[in-house]
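These notes are about the structure you will find just below.
The values are calculated or read from the model by the stated rules, or taken from the named source; none is laboratory data. Since we're looking at a predicted model, the values are computed, not measured. Positions of Cβ are generated from backbone atoms using ideal geometry, with glycine treated the same way; all protein chains shown enter the neighbour counts.
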């Protein structure tokens, strides 16, 4: 199966999907875009993804998929090994809850277009945008740290000793945090899991600095 990944090296949602594809051992054509230059707002790209967002995954039959979490679950259903969600319903609910804490509570408020809107509409300079970003990360990471540290289900990774959906979201968010100098060491369990993930080639190869369009 030939896959085309339309993405941006620093996008956390793109990092998630690169990690998932790597974990599944799937090759893909890397197609980069520069968000600040509006390259995802062209008629050609909007015909592919009307939201003008990354990532977008394009299959050889012309099928186009959007939204990183939806694509990752599709990957898990169509390429079940290694699984990114546990077998039991309780475990799957826990992993999804952890993943959604980052993907639904942090990311939408820290998205580049949101930061741009803060500047354009409310005059928020870089310092104010950093304060905004840090506030929402801290609010959720404090809760995430407590949840991970307190649960016997937490192992080497967020759920047990194999990486999955929650780890994919955690790894991508930590990289996003680095743009605003947010120290992961504030949350020792999160920091430990991130370090374990970064030692895996699937994650290291998905990291923003290791992409062909990194700058």
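Of the numbered conditions (1) under 27 Å from residue 204 (Cβ atoms); (2) not assigned by TED's automatic domain parsing to the domain that holds residue 14, residue 72 fails exactly one; give the number of that condition. Residue 72 satisfies all of (1) under 27 Å from residue 204 (Cβ atoms); (2) not assigned by TED's automatic domain parsing to the domain that holds residue 14 except (2). Look at (1) touching a residue at least 40 places away in the same chain (Cβ under 8 Å); (2) touching a helix residue (DSSP H, G or I) at 6+ places or on another chain (Cβ under 9 Å) and you find that residue 119 fails only one, number (1). Does residue 47 meet the test of being under 20 Å from residue 151 (Cα atoms) and either out of contact with any helix residue (DSSP H, G or I) (no Cβ under 7 Å at 6 or more places or on another chain) or touching a residue at least 12 places away in the same chain (Cβ under 8 Å) (or both)? Judged against the criteria, residue 47 is not a match.
If you go through the range 206-215 and keep only what is under 17 Å from the mean Cα position of the chain (by Cα) and either assigned to a helix (DSSP H, G or I) or surrounded by 14 or more Cβ atoms within 10 Å (Cβ to Cβ) (or both), you end up with 206, 207, 208, 209, 210, 211. Among the conditions (1) in contact with a strand residue (DSSP E or B) (Cβ under 6 Å, 6 or more places away or on another chain); (2) within 24 Å of residue 170 (Cβ to Cβ), the only one that residue 48 does not satisfy is (2). For the range 66-83, taking the residues that are touching a residue at least 12 places away in the same chain (Cβ under 8 Å) and in contact with a strand residue (DSSP E or B) (Cβ under 8 Å, 6 or more places away or on another chain), the one that is farthest from residue 35 (Cα to Cα) is identified as 71.
Do any helices (runs of 4 or more DSSP H) lying entirely in the range 128-205 carry at least 3 residues that are free of Cβ contacts under 8 Å to residues at least 40 places away in the same chain, surrounded by fewer than 21 Cβ atoms within 10 Å (Cβ to Cβ) and not assigned by TED's automatic domain parsing to the domain that holds residue 103, and which ones are they?
none
Among residues of the range 12-27 that are at positive phi, none has a Cβ under 6 angstrom from a residue that is assigned to a helix (DSSP H, G or I) and surrounded by fewer than 24 Cβ atoms within 10 Å (Cβ to Cβ) at a sequence gap of 6+ or on a separate chain.
Taking the range 11-33 as the range and being part of a loop (DSSP other than H, G, I, E, B) and either at pLDDT below 95 or touching a strand residue (DSSP E or B) at 6+ places or on another chain (Cβ under 8 Å) (or both) as the test, the residues that pass are 26, 27, 28, 33. Out of all the residues in the range 46-81, which are surrounded by fewer than 17 Cβ atoms within 10 Å (Cβ to Cβ) and assigned to a helix (DSSP H, G or I)? The answer is 46, 47, 48, 70, 73, 74, 77, 78.
Among the residues of the range 84-127, those that are buried (at least 16 other Cβ atoms within 10 Å of the Cβ) and either in a loop (DSSP other than H, G, I, E, B) or in contact with a strand residue (DSSP E or B) (Cβ under 9 Å, 6 or more places away or on another chain) (or both) comprise 84, 85, 86, 111, 124.
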